[in-house]
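One structure is given here, and the rest of the page talks about it.
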Ligand code: SRM
Ligand code: SF4
C-alpha cells in the first residue's frame, strides 16, 4: 500500500536523495513525503476513485495526489450544516485550476472555457491572482470531460496545485509589445520545463496507455517532488503587477536601450502565515544577482534543485523556500545555486518599479495594436443581475481575433486588437455595458479578494462576497475627503494564507472568524514593503473607525504625491501591534 512503503526505499530512489540535506533524519519524514514516494509518480488510486459511484468524493490519499493534477476536492460550506442535519455526506465537488503561463489565451480557448463553465461549473469562471482560471463545483463524474475539453484547445491543469512548480506568472505589459512577447515566451518555456513529466496525467485523464521510459520518469523531481509548492514569476519593470517579491523565484527583466539583457534573480518570497504561529511569516524575496537571458531555464533548475534538496521535508509548515533560505542563510543558498549553475551570478542591475496595479481601460502597444483592460471585481465572471459579464465576454471572443490576458490583479485584458477592429469591440463593450465596470473608485479598481466561502475549505471569514460591500463603505469616507479617485491598494483574504497577497497591500485584511479580520496598513504601492498589523480580530465597525481616522489625517497631512501606505508608515499609523494587543492612536 501507499503508506506502508519504508522510508529506506524512498532514500535510495530518485535524485532527491543523492544530495539531500543529511540533517533531516529519514525516519522522521512527514507523511506527505511517504505518500508521494509511494504514489507511482502521482498515479495512486485516482482512476479507481473516479469510478466509485457511491460517493461524490475520492479517498484521502488521492485528494492530495489530485492536487498535482490541478484538482481540489471541496465541499459547499454554505450547505454543510444542513447536509449534516440530514445525515448526508457533504456536497462534494471539485475545483479545477487551469495551467495558463503568463495568463495569455486565445479566443477559441476562451470559448471553450466558457462552454465548460456553463456545462459543468455552475455557469461561472473565476480569474485568479496567478493569472489563470478556476472552474468550481465540478462533479467527480464530469472531471474527465472537463480535462478532455481543455485538452481540445491545448490547455491542461498539470501542476496547477501540488508540491511542484505552480502557474508561472508574467507581466501583461500592454504597451511594450515586443518585450511582452519575449518574456511571455520565456514564462511559457519555464512552465513547460518545470512541470512534472510523469505519464500519470495522460493515462488518467486522456485514457492513454502507459509507456515505458528509459530513465526515471521525473528527472528533476524524483519520487518525492518538491517539499512544498514552488512559484515562479517574470516581471517587466516599471509595473510590478506580478508582485515579484511574493514569488519563490522571481525574474526581474533588465532592459537596456530597448533590449532585454537578462534578469535579476529574486528568491524566497511568500505570503502564507498562520495566526499565533510566529515560526510562519510573509517574506519578501531577496535579490541575489543577475543572469543573462539565455540562462533562465538553467536558473530555474538550479534554484529548484536547491529547494528540492534542502527544503524541510519533516514540517510542512516550514517547507516553503523562504524558510529554507532563512534557516540556511542567504549566502549559503546563493552559493549552492551558483554551484549548480556552474558559474557565479553577476551583480544585480538597477531597475525601478512604480506600481503593482493594472492600468484600466484602453492602451496602445508600441506595435500599434490596442488593448482594453476590463476591471473584473475579484476575478468573478458570471451573468450578474445587472451585467451579463459571461455573455458579454463570449460575444467578444466570438469576434475577437487577438488574445486575452488574465492579469495578476484578477482583471482581464482584451489584447492585440488591430486598430480597424476596435470599433466592433467597443460596440460590444457598450452593448453588454461592460465598460461601466471600469468606473469604480481608485480603491475599488485596486482591490482584490480571494475566493474564501463557500468553496475554500480553509476560509475562516468571507472575502470575495464581502470585500465589494466594505469597499463601498470605505469609498464613502474617501469621497468625503475628496479622495474618491485616489489609487489605494486594498486586499482581503478569508484566512491568513494570503492568496490575494494581502501583506503587501496598503490596506490588508485577513479573516480570523466569521465577520472578524486582522487589519494591516502600510504596504508599499509597488509591492516593495510588507504592511503591519494594526488591529487584530475585529469587526467592520472597528475597521471603518480606524480607517476613517487615518484617511482624514492622510487628506490633511499627506506630502505631495505621497501614497497612502507610505503616509501610514511615515506618521506612525502602522506602528506594529503584537498579537492580542490593539492599535492605540
Ligand atoms: Fe492560494 C491554498 C485559492 C493564490 C497562498 N489557495 C489555497 C486553496 C487551494 C485552499 C486549499 O488548499 O484547500 C484555495 C482554493 C480556494 C477556492 O475555493 O478556489 C486557494 N490561491 C487561491 C486563489 C484562487 C485566490 C484567488 O482568489 O485568486 C489563487 C490561485 C492562484 C493560481 O492561479 O495558482 C491563490 N495562494 C495564492 C497566493 C498568491 C500568489 O501565489 O501570488 C498565495 C500567497 C503566495 C504564497 O504562496 O506564499 C497563496 N494558498 C496559499 C496558501 C499558503 C501557502 C503557505 O506557504 O503558507 C494556501 C494553503 C496551503 O498551501 O497550505 C493556499
Ligand atoms: Fe482560502 Fe485562505 Fe486562500 Fe482565501 S486566503 S482562498 S480563505 S486559503
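Only one of 91, 37, 96 is within 16 Å of ligand 2 (Cβ to nearest atom), under 27 Å from the mean Cα position of the chain (by Cα) and buried (at least 16 other Cβ atoms within 10 Å of the Cβ); which?
Only one candidate qualifies: 96.
So which strands (runs of 3 or more DSSP E) are wholly in the stretch 275-376 and hold at least 3 residues that are under 24 Å from the mean Cα position of the chain (by Cα) and farther than 30 Å from residue 439 by Cα?
286-292
Here is a check on your reading of the model: is residue 558 surrounded by fewer than 23 Cβ atoms within 10 Å (Cβ to Cβ), touching a helix residue (DSSP H, G or I) at 6+ places or on another chain (Cβ under 9 Å) and free of Cβ contacts under 8 Å to residues at least 40 places away in the same chain?
Values: surrounded by fewer than 23 Cβ atoms within 10 Å (Cβ to Cβ): yes; touching a helix residue (DSSP H, G or I) at 6+ places or on another chain (Cβ under 9 Å): yes; free of Cβ contacts under 8 Å to residues at least 40 places away in the same chain: yes.
Yes: the conditions hold for residue 558.
Evaluate the following for residue 328: is it within 30 Å of residue 461 (Cα to Cα) and away from ligand 2 (no atom under 16 Å from the Cβ)?
So residue 328 does not fit the description; no.
Of these, 65, 154, 54, which one is exposed (fewer than 14 other Cβ atoms within 10 Å of the Cβ), farther than 20 Å from residue 380 by Cα and either touching a strand residue (DSSP E or B) at 6+ places or on another chain (Cβ under 8 Å) or modelled with pLDDT of 95 or more (or both)? Let's see the steps before the verdict.
Values: 65 fails: exposed (fewer than 14 other Cβ atoms within 10 Å of the Cβ); 54 fails: either touching a strand residue (DSSP E or B) at 6+ places or on another chain (Cβ under 8 Å) or modelled with pLDDT of 95 or more (or both).
Among 65, 154, 54, only 154 is exposed (fewer than 14 other Cβ atoms within 10 Å of the Cβ), farther than 20 Å from residue 380 by Cα and either touching a strand residue (DSSP E or B) at 6+ places or on another chain (Cβ under 8 Å) or modelled with pLDDT of 95 or more (or both).
Can you name every residue in the stretch 509-555 that is in a helix (DSSP H, G or I) and touching a residue at least 40 places away in the same chain (Cβ under 8 Å)?
The answer is 540, 543, 544, 547, 548, 551, 552, 554, 555.
Given the options 402, 392, 442, 480, name the one that is free of Cβ contacts under 8 Å to residues at least 12 places away in the same chain and more than 16 Å from ligand 1 (Cβ to nearest atom).
Matching residue, one of 402, 392, 442, 480: 480.
Out of the residues in the stretch 456-492 that are within 19 Å of residue 131 (Cα to Cα) and within 16 Å of ligand 2 (Cβ to nearest atom), state the one that is surrounded by the fewest Cβ atoms within 10 Å (Cβ to Cβ).
456
Restricting to the stretch 222-247, count the residues that are surrounded by 24 or more Cβ atoms within 10 Å (Cβ to Cβ), within 16 Å of ligand 1 (Cβ to nearest atom) and assigned to a loop (DSSP other than H, G, I, E, B).
Residues flagged as surrounded by 24 or more Cβ atoms within 10 Å (Cβ to Cβ), within 16 Å of ligand 1 (Cβ to nearest atom) and assigned to a loop (DSSP other than H, G, I, E, B) within the stretch 222-247 amount to 9.
Any idea which of 250, 270 is buried (at least 21 other Cβ atoms within 10 Å of the Cβ), within 18 Å of residue 303 (Cα to Cα) and within 16 Å of ligand 2 (Cβ to nearest atom)?
It is 270.
Could you identify the single residue in 106, 165 that is surrounded by 23 or more Cβ atoms within 10 Å (Cβ to Cβ) and away from ligand 2 (no atom under 16 Å from the Cβ)?
Being surrounded by 23 or more Cβ atoms within 10 Å (Cβ to Cβ) and away from ligand 2 (no atom under 16 Å from the Cβ) holds for just one of 106, 165, which is 165.
Regarding residue 412, is this residue over 24 Å from the mean Cα position of the chain (by Cα), closer than 30 Å to residue 527 by Cβ and surrounded by 20 or more Cβ atoms within 10 Å (Cβ to Cβ)?
no
The values are calculated or read from the model by the stated rules, or taken from the named source; none is laboratory data. Values in this document were obtained by computation on a predicted structure and should not be read as measured data. Using ideal geometry, Cβ is built from the backbone for each residue, glycine included, and neighbour counts are taken over all protein chains shown.
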